[in-house]
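Below: one structure, written as structure tokens.
The values are calculated or read from the model by the stated rules, or taken from the named source; none is laboratory data. Computed from a predicted structure; not experimentally measured. Methodologically, a virtual Cβ is constructed for each residue, glycine included, from the backbone with ideal geometry; neighbour enumeration extends over all protein chains shown. Just the protein is used for accessible areas: all its heavy atoms, side chains included, with ligands, DNA and RNA removed. Shrake-Rupley method; radii C 1.70, N 1.55, O 1.52, S 1.80 Å.
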Amino acid sequence: IVAFQDIRNYDEESDASDVFVYRISPTGQYLWGKDGINLTPNYDLFTASPVVCITKAGNYIVAWSAAEETFRDSIPQKCSVYVSKLNKDGEVLWDTPIILQDTITQYFFPNLIASGEDDFIMQWIQYPVIEKPMPGKIAWRHIYAQRYGKNGDPIWSNNVAIFDTIGIPPGTYLIPESKSDSNDGIIVVWRIGNGHVINIKAQHITSGGIEKWEHNGINVCADDDLDQDYPSFDYNP
């Protein structure tokens, strides 16, 4: 399964793009046609950074960021997260995608992890809308997660705040990474700015949405005065 951002339906002057998804067989056949499936027809939005996961039931979850204007770096405006679901035949299973969107929060850069038989956990970045930006006023990034059932309904009573304090400034290079804990939960690793150095933090969220480690994550390195950057991780259950 390959999902990507595509501008084939727009001219060079447009900020809009689409999310396309392809299913390729082991012998290189286009199982959903050579044009793939457009998940965002007529959205007329800048759709970026799609991610995909496969549930145990064999369905495909695709999530992406969307905004009215192109963003490449740090402060996208009116930014939302969309999530769609397809079966192995390329049929879109939800009439309406999941949409994270409101007037006081920006949402972007989702991660997807399959959970249970046909559930998934989505982890994303969000930050508050600043109505009157001023020099030195930073829209600090926070990290949240939610588990969704097979019909796209949230399972946890509230979105889980993985990191909701000062530490992640604007800058897309600070995108977190999430992986399965092999027990329907997730491990999340991310970087924060600590003065003039960068520290690495981690959190373990159970299948029930419970933080196993201290809130806002544990420091991976005991000495937070040392600069720690570009983590790569895996998890041994």
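Table: residues versus (1) over 29 Å from residue 55 (Cβ atoms); (2) not hydroxyl-bearing (Ser, Thr, Tyr).
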site	(1), (2)
166	yes, yes
178	no, no
182	no, no
189	no, yes
197	yes, yes
203	no, yes
Criterion (closer than 24 Å to residue 186 by Cβ, part of a loop (DSSP other than H, G, I, E, B), touching a Pro at 6+ places or on another chain (Cβ under 9 Å) and modelled with pLDDT of 95 or more) met by exactly one of 58, 152: 152
Please go through (1) farther than 21 Å from residue 147 by Cβ; (2) open to solvent by less than 30 Å² (accessible area, probe 1.4 Å); (3) part of a loop (DSSP other than H, G, I, E, B) for residue 70 and return the number of the only condition it doesn't satisfy. (2)
Taking the condition of being part of a strand (DSSP E or B), open to solvent by 20 Å² or more (accessible area, probe 1.4 Å) and farther than 11 Å from residue 178 by Cβ, how many residues in the stretch 110-143 meet it? 5
For the stretch 76-93, indicate whether the set of residues that are among the hydroxyl-bearing types (Ser, Thr, Tyr) and open to solvent by 30 Å² or more (accessible area, probe 1.4 Å) is non-empty. no
Just to be sure I understand the filter: pairs with C-beta atoms under 6 Å, separated by 6 or more residues or on different chains, first member in the stretch 2-25 and over 15 Å from residue 63 (Cβ atoms), second member exposed (fewer than 12 other Cβ atoms within 10 Å of the Cβ) and not basic (Lys, Arg). Which pairs pass? 22/2
Just one of 154, 170 is touching a residue at least 40 places away in the same chain (Cβ under 8 Å), surrounded by fewer than 15 Cβ atoms within 10 Å (Cβ to Cβ) and closer than 23 Å to residue 66 by Cα; which is it? 170
Can you confirm whether the stretch 203-212 contains a residue that is among the polar types (S, T, N, Q), assigned to a strand (DSSP E or B) and modelled with pLDDT of 95 or more? yes
Residue under question is residue 84, and the condition is that it be touching a residue at least 40 places away in the same chain (Cβ under 8 Å), closer than 30 Å to residue 139 by Cα and small (Gly, Ala, Ser); does it hold? yes
Those residues of the stretch 173-189 which are surrounded by fewer than 19 Cβ atoms within 10 Å (Cβ to Cβ) and either touching a His at 6+ places or on another chain (Cβ under 6 Å) or small (Gly, Ala, Ser) (or both) amount to 180, 182
Would it be correct to say that residue 175 is within 30 Å of residue 118 (Cα to Cα), modelled with pLDDT of 95 or more, under 16 Å from the mean Cα position of the chain (by Cα) and not aromatic (Phe, Trp, Tyr)? no
Every residue from the stretch 181-237 that is closer than 20 Å to residue 160 by Cβ and either in contact with a Leu (Cβ under 8 Å, 6 or more places away or on another chain) or of a type in the set (Phe, Trp, Tyr) (or both): 190, 191, 192, 213, 233, 235
Being under 21 Å from residue 109 (Cα atoms) and either open to solvent by less than 20 Å² (accessible area, probe 1.4 Å) or within 22 Å of the chain's Cα centre (by Cα) (or both): is that true of residue 192 here? yes
